[in-house]
Amino acid sequence: MEANAIVGEADVPGDESAEAQHGAQDGELNDTEKTSAGEADQVPKEMTLEEAMNVIADVGSCRGKTLAQIADRRPTTLRWYFTTCPDSSEHLRKAARMVFESLNLQKSA
């Protein structure tokens with residue numbers, strides 16, 4: 001009978017992980033899915049320019065600076081973040097592209 005108890009206990013974590021994989025009710029992501037979804041294109045709302053300007057670079061020589069600070073001092077670094085930087089997260093790439101394109105629009109106006 002102890003063996004059955006052990007098997008029953010082993011089933012419990014499996015049930016919990018299966019529940020975590022299927023998500024929360026009402027179509028919302030639970031914490032496990034939010035983590036595993038990462039920063040990919042599954043973000044529900046679009047980033048505003050203000051939010052993009054406040055993104056902090058976590059790679060490169062401008063690490064720790066906001067994209068607004070980088071745009072003021074080294075705008076070409078923004079292009080590097082969304083084109084050739086191998087360590088840029090998808091979030092940083094999108095934000096850097098948005099800030100860079102806004103700078104180009106300002107110059108052409």
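Computed from the coordinates by the stated procedures, all read-outs in this text should not be read as laboratory data. Everything numeric in this text was worked out from a predicted model, so none of it was measured. Reconstructed Cβ throughout: ideal geometry from the backbone, glycine too, with neighbour counts over all protein chains shown.
Structure notes:
- Computing FRET efficiency as 1/(1 + (r/R0)^6) for Asn54 and Thr83, where r is the C-beta to C-beta distance and R0 is 22 Å, gives about 0.55.
- Sorting the segments 89-101, 54-66 by their residues' average number of neighbouring beta-carbon atoms within 10 angstrom, most packed first, yields 89-101, 54-66.
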